[in-house]
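The values are calculated or read from the model by the stated rules, or taken from the named source; none is laboratory data. Quantities reported herein were computed from a predicted structural model and do not represent experimental measurements. Heads up, the Cβs are rebuilt from the backbone with ideal geometry, glycines too, and the neighbour counts pull from every protein chain shown. For the accessible areas, the whole protein counts, side chains as well, though only heavy atoms, and no ligand, DNA or RNA atoms are used. Shrake-Rupley method; radii C 1.70, N 1.55, O 1.52, S 1.80 Å.
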There are 2 protein chains.
Amino acid sequence: MATIAVENYLKHALLLAERSPDGLVPMGELASALAVVPGTATTMVKALADSGLVVHEPRRGLRLTPEGRRVALNVLRKHRLVETFLVNVLKMDWAQVHAEAEQLEHAISDAVLDRLDALLGHPATDPHGDPIPSVEGTLNSAVYATLATCATEAPLRVVRVTDQSADFLTFAEAHGLRPGTTARVVDRNLPAGLVTLRRPRGKPFALSLSAAGRIWVEPADSP
Amino acid sequence: MATIAVENYLKHALLLAERSPDGLVPMGELASALAVVPGTATTMVKALADSGLVVHEPRRGLRLTPEGRRVALNVLRKHRLVETFLVNVLKMDWAQVHAEAEQLEHAISDAVLDRLDALLGHPATDPHGDPIPSVEGTLNSAVYATLATCATEAPLRVVRVTDQSADFLTFAEAHGLRPGTTARVVDRNLPAGLVTLRRPRGKPFALSLSAAGRIWVEPADSP
DNA sequence: GGATATATTTTGACAGTTCAAAATAAATCC
DNA sequence: GGATTTATTTTGAACTGTCAAAATATATCC
Ligand SMILES: [Mn+2]
Ligand SMILES: [Mn+2]
Ligand SMILES: [Mn+2]
Ligand SMILES: [Mn+2]
């Protein structure tokens, strides 16, 4: 069985690989995602390569093998279903559940996973809008516009918040920016780096372009 | 924070200490409960003693300190609440949940534990009838009669099954011997080492004295 | 009470995961 | 295109948790 460390390396490698067109993950990015020094990542990646879970291309980065990807998707599925359980059933704060799931993802068996999935009604996304990998190992990688890039004035629906930090999630929640909620961009001032939003029946408020870029949206029908 | 290994050592030390009048746990018992060789247990107990979690009495055994007992009770509480959740909410087989809880007990935070406890309605015992330690750190250590020792003919209620092995639990369940169910001892043949039971509207069946000793019962009012 | 059996401890080793710091390769910049 | 910056790898060490096997202490049995 994969150890907790191995599962963490593979899961983070998958998340980084998804955001890179060729699937090559630079060693430094993996190291900082895992909060280890670069030398540690090199050592571990060589061990993972020996186990056939990744391919190491020295000085260039690493790639998941199909087996490594399979393990990583299973861990990610556990992570996101656990988050969904903690929010939907235990009514925990969506800002806290990431840290909880970081541990629980390694302790849940596939049997428990299946039951949780059924209890939750086979959800497609977690509380942050992150897609939940299917049992068969497919991962919805649809890309949306963000509050930093979308059209202004038109009504929008939040679909995903791509920042797991508790501070950012608490800020987003305080302004009603959860997946499913609606809003409009009333102004975007590039020189100032500011986006101004308005929620239905709410006061306008501003956030930075960089923060806006972490909130994914789609056009909403109702205003 | 205590590591997974430390939590396992402390939890098993607590369980063994509860079954010994003076609270002294022999090294060999701890080692075999944890499935490690005796030398490993000695090494680890010395490390635990350095951390102030146990007192090591060389060649005699070990004792939990108040702090060690506090940690152990918290782990045991997690274990038993998780088992209760898996059976009551996820509808898992009571024979499987021990193995699951063995992992989950180390991954659940106190925050999740509290929510789980509330969701389950603050249960006093787990699916096997094992008492759940309270948040304040008290553990009900009531001792009952067993099917090997109780009065014959009188109606009984099963209160606890003190064997976590899947085989035994599956056997017990197949004969309707779960906490809350009722039965009568119709015969006890000491030379043969057999106890014969009868459940309401069921056929009589036999089990060994040693197996009977693992099923705790109390007098039931209704027959 | 001395021989023998049993329980415990000690010693030396190993696997896995990590860091600090030095070495090296690759990329970037005049 | 040679110097400098940046990313990666290597080296040496530490820590945790484990085992095998030898050493030692304690208990038990004539
Ligand atoms: Mn994790
Ligand atoms: Mn999430
Ligand atoms: Mn455990
Ligand atoms: Mn139990």
Could you go through the stretch B:152-168 and let me know if any residue there is modelled with pLDDT of 95 or more, farther than 19 Å from residue B:96 by Cα and in contact with a Leu (Cβ under 6 Å, 6 or more places away or on another chain). yes
So the strands (runs of 3 or more DSSP E) completely within the stretch B:143-223 holding 2 or more residues that are in contact with a Phe, Trp or Tyr (Cβ under 9 Å, 6 or more places away or on another chain) are B:155-161, B:194-198, B:215-219
Mind listing just one residue for me: the one in the stretch A:68-81 that is more than 14 Å from every other protein chain (Cβ to nearest Cβ) and within 16 Å of DNA strand C (Cβ to nearest atom) and, of those, surrounded by the fewest Cβ atoms within 10 Å (Cβ to Cβ)? A:71
Name every residue in the stretch A:97-112 that is among the acidic types (Asp, Glu), at the interface with another protein chain (Cβ under 9 Å from one of its Cβ atoms) and touching a residue at least 24 places away in the same chain (Cβ under 8 Å), in order of residue number. A:105
Filter the stretch A:52-64 down to the residues that are crowded, with 17+ Cβ neighbours inside 10 Å and more than 14 Å from DNA strand C (Cβ to nearest atom), then identify the one that is nearest to the other protein chains (Cβ to nearest Cβ). A:64
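Being within 14 Å of chain B (Cβ to nearest Cβ) and open to solvent by 40 Å² or more (accessible area, probe 1.4 Å) is the filter; apply it to the stretch A:1-51 and report the residue that is farthest from DNA strand C (Cβ to nearest atom). Break it down stepwise before answering.
Our first condition is that a residue be within 14 Å of chain B (Cβ to nearest Cβ); within the stretch A:1-51, this holds for A:1-5, A:7-8.
Going one step further and asking which of them are open to solvent by 40 Å² or more (accessible area, probe 1.4 Å), we end up with A:1-5.
Values: A:1: 10, A:2: 8, A:3: 3, A:4: 7, A:5: 4 Å.
Going through the qualifying residues, I end up with A:1.
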Check B:162, B:149 and return the single one that is touching a residue at least 12 places away in the same chain (Cβ under 8 Å), assigned by TED's automatic domain parsing to the domain that holds residue B:194 and either within 16 Å of ligand 4 (Cβ to nearest atom) or open to solvent by less than 30 Å² (accessible area, probe 1.4 Å) (or both). B:162
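For (1) facing another protein chain (nearest Cβ under 10 Å); (2) in contact with a Ser or Thr (Cβ under 8 Å, 6 or more places away or on another chain), each residue gets a yes or a no:
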| residue | (1), (2) |
| --- | --- |
| B:83 | no, no |
| B:88 | no, no |
| B:95 | no, yes |
| B:114 | yes, no |
| B:122 | no, no |
| B:135 | no, no |
| B:151 | no, no |
| B:158 | no, yes |
